[in-house]
Amino acid sequence: MISGATRVAAVIGSPVHHSLSPALHNAAFAQLGVDWVYVALHVAPGDGQRAVDAMRTLQISGLSVTMPHKEAVAASVDELDPAAAALRSVNTVVPQGDGSLKGYSTDGAGFVASLAAAGHEVHGRSVCLLGAGGAARAIADALARSGAARVAVLNRTLATAQDAVQLAGSVGVLGVPSDLRDSDIVVNATSIGMGSDDLPCDPSALRAGQVVADIVYHPRHTAFLRAAHAAGATPVDGLGMLVHQAALQQQLWHGHLPDVQVMAVAAERELAARHQ
Ligand code: NAP
């Protein structure tokens, strides 16, 4: 039941009608039994700062931020956590006790948490990271913060690859093709494979003993993960990152970590309904 006491959280983006976040977050609120509701709000490109101002006025209790507003929101909040400051990008806004707003980036930590939940620690491991877009940058930063021994970035565009390498600090290097075979963990953080069977690299380089993660989550078992499985590697799908980054948002908003399984079921149900 929605009442006058119900707290409101929202995602802002453009486009935003396709967002899985309302399904994920409302399932988590129900599982936790908290009096919150989550909606999707279309905010036109260029209006990110005005949306942050509106959050203050309307006293929205939690905000998720998606394309194209992550940078504008990072510049509009009062304080940034270290990952958001390094990335100059915010996917989560949290009202503080004094009324100020603090921005976070939970994508990278969500990815690392999804690997840990699947039984794979990154501390001391070498990682080959495919891609250098927004998600890959967040992952590069989080891998370094989590103690990865080496983060080799391979990307079509050299300039953005160099930026992601810098985010990984002293463990970041520009990747070479042999990193695909030599790394303990290989991550597809490009958009290749979303809704298609396209591959982000030559899968013949993958081998047994590796963990191969794909952050693309539709289809859940991407062609890249199927090739990894065929090569004897251990596949980790992108739904884990999706639900873990959202679970971390909930923890920041109200202090409780929801059951990620409940969120995964909600996401899968929503995806299945859209693609039947
Ligand atoms: P983005 O900023 O647009 O970056 C896209 C990346 O893919 C870039 O590195 C780009 O290379 C590369 N790329 C795209 N098309 C390519 C092609 N044909 N050949 C070679 N490289 C190509 O996107 P993003 O926000 O990082 O998201 C990437 C993917 O991750 C999307 O599919 C998104 O839905 C998914 N995602 C999943 C989660 C999750 O929770 N599981 C979270 C965030 C994003 P260039 O730099 O050369 O353009």
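What follows is calculated from the coordinates using simple rules that are stated; it is not laboratory data. Since the model is a prediction, treat every value here as computed from it, not as a measurement.
Note down the relative contact order for the range 139-214 as a percent, whole number, built from C-alpha pairs under 8 angstrom at least six residues apart.
Result for the range 139-214 is 26 percent.
Output ³J(HN,Hα) for the range 218-233: one whole-Hz value per residue in order, computed from phi by the Karplus curve 6.51 cos²θ - 1.76 cosθ + 1.60 with θ = phi - 60°, and x for Gly and Pro.
Values, residue by residue: 9, x, 5, 9, 5, 4, 4, 5, 5, 5, 4, 4, 5, 7, x, 7 Hz.
Considering only L158, L242, L206, give the residue with the highest GNM mean-square fluctuation for the chain, with springs between Cα atoms whenever their separation is below 10 Å.
L158
Rounded, prolate or oblate: which fits the range 158-276 when a ≥ b ≥ c are the square roots of the eigenvalues of the alpha-carbon gyration tensor, with rounded for a/c under 1.5 and prolate only if a/b beats b/c?
Oblate, because a/c is 1.5 or more while a/b does not exceed b/c.
Between helix 158-167 and the chain, what is the angle of the helix's C-alpha long axis to the longest principal axis, kept within 0 to 90° and rounded to the nearest 10?
The two axes meet at around 70 degrees.
Kindly provide the helix-only [θ] at 222 nm of the chain, computed as the sum of -39,500 (n - 2.57) over DSSP H runs of four or more divided by all residues, to the nearest 500 deg cm²/dmol?
It lands at -11500 deg cm²/dmol.
Evaluate the Debye formula for the chain with equal point scatterers sitting on the alpha carbons, no solvent, and hand back log10 of I(q)/I(0) at q = 0.12 Å⁻¹, in q order, two decimals.
Taking Cα atoms of the chain as identical point scatterers yields -0.72.
Give the shape of the range 150-218 as rounded, prolate or oblate, defined through the alpha-carbon gyration tensor: a ≥ b ≥ c are the square roots of its eigenvalues, a/c under 1.5 means rounded, and otherwise the shape is prolate if a/b is larger than b/c and oblate if not.
oblate
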